Amino acid sequence: MTLQRKLAILADAAKYDASCASSGTSKRSSVGGAGIGSTEGSGICHSYAPDGRCISLLKILLTNFCQYDCLYCVNRVSSNVPRARFTVQEVVDLTLDFYRRNCIEGLFLSSGIIQNPDYTMEQVVEVARTLREDHDFRGYIHLKTIPDASPELLRRAGLYADRLSINVELPTDQGLATLAPEKDGAAIRRSMANLRVHIDDARGAARDAAAVSVVSMPTSMPRRAAAPKFAPAGQSTQMIVGADATDDRTILSTSANLYGAYRLRRVYYSAFSPIPDASSSLPLAAPPMVREHRLYQADWLMRFYGFAHDEIVPPAAPGDSAGGGMLSLDVDPKLAWALAHRDRFPVDLNAAPREMLLRVPGLGVKAVERLLMARRVRRLRSDDLKRLHVPLKKVMAFVEVADHRPGHALEAADLAARLKPVPVQASLFSA
Ligand code: SF4
């Protein structure tokens, strides 16, 4: 099979993996002629999958042969798809080739499970080792680790990769047992805990190294001893949404637990994609993409806006089959929360604490910081909000400033309808 054909199969097989963002790693550069690549963005060509996801990394599987039979996966052993397998050297050559041609900013490598988890993980690690040690590759590397691989292999993976991820796949252990019976939720969490220990140790060592005074020789630049690095961009995971009946409240609860227990950098939500010859246990249609989007917004509220997971989505009432436990698809989760908690508004922008400002629909973290700075020197008025580019239509019903009080606007029965974004017909020809 030609390399091009393998690439077509194995890049296509990797497209279902959403967790490929390249944020948060340490800076490396080849300026000065040493090494190849850099983790900075200049000259990188970004491309997008049809659903809008960034695929600026060379995102491939080492192989789509897999001995497991996860029902939601197109690569499962019982799936009737063309199969291919790269050698380690082929992946290394492709990465360097694409990088030199400025098509990618790094590599995202995952794999189906062949022979056994350790054998597969060894091959994945060997790709990263060869790139780093033999070619001094300084681009971004994200390795998808194989659940159940040995702790020693996970440790080695972290020495070469910027980011490691282990997919929890489904929001509940029960879902995993039904749809991916060979996967073990407890083993996945053990691997995550293992990575967390290594990441914490490396960060602790970096802090200790930074605290040591700088040593300088008379003829050299002052330098600190470099602390060992382990997956500097941390670990992440991915959850498939809509493959089973788990509601959004449960999904956010699982995410909150993962962030808290394993200090994950990101949980990625991937709307289930129907696959050919799928099992009858799976839904026939994909969930609306907007559900995935709402989960990302809710996730953002938990990480940056001080919302607890269980206050974002109301629990389902007993016997409720119409939207209980689910995020609204019509309005974003912060606006939905504000509409459901009107008694907490209006918020006085001249006096309210930061935590409450962050709960005002339409005010992002940056806008809140700017408001806090501005109100130190003057009493805020409506014109100040305009100058700060705050979305007035969304914000004004929920706030008061020196020259504005919303009065009874908050009680209006049609408030939700008025604040709901107006659908815009996309144009093929606009810029
Ligand atoms: S182990 Fe991974 S590649 Fe294999 S069937 Fe399950 S999800 Fe697919």
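What follows draws every value from the coordinates through simple rules; no lab data is involved. Here the structure is a predicted model, which is why all the values come from computation and not from measurement. Note that each Cβ is placed from the backbone with ideal geometry, even for glycine, and that neighbours are counted across all protein chains shown.
Applying the Karplus relation 6.51 cos²θ - 1.76 cosθ + 1.60 with θ = phi - 60° to segment 76-83 yields 3J(HN,Hα) values of 4, 4, 8, 7, 9, 10, x, 10 Hz, where x marks Gly and Pro. Here the peptides 368-374, 142-148 are ranked by packing, the mean other Cβ count within 10 Å, and the order with the highest first is 142-148, 368-374.
For VAL77, the residues 5 or more places off, or on other chains, whose built amide H falls under 5 Å of its own are TYR68, ASP69, CYS70. Ranked by the mean number of other Cβ atoms within 10 Å of their residues, highest first, the peptides 246-252, 347-353 come out as 246-252, 347-353. Peptide packing for 266-275, 230-239, 410-419, 384-393 was compared via the average number of neighbouring C-beta atoms within 10 Å per residue; ordered from the highest value, the list is 230-239, 266-275, 384-393, 410-419.
Straight-line cross-link partners of LYS144 among the lysines, defined as a Cα under 23 Å from its Cα and at least 8 positions apart when in the same chain: LYS6, LYS15, LYS27, LYS59, LYS183, LYS229. The separation of segment 87-132 from segment 336-380, counted between C-alpha centres, amounts to 47 Å. Kirkwood hydrodynamic radius of segment 84-167, from the reciprocal of the average inverse Cα-Cα distance over all distinct pairs: 12.8 Å.
Segment 167-203 and segment 260-308 have Cα centres lying 16 Å from one another.
The distance between label points at ALA205 and HIS408 comes to 6.8 nm (points 7 Å beyond Cα on the Cα→Cβ vector). Within a straight-line Cα-Cα reach of under 21 Å, LYS366 can be paired with the following lysines, leaving aside sequence neighbours fewer than 8 residues apart in one chain: LYS334, LYS386, LYS393, LYS394.
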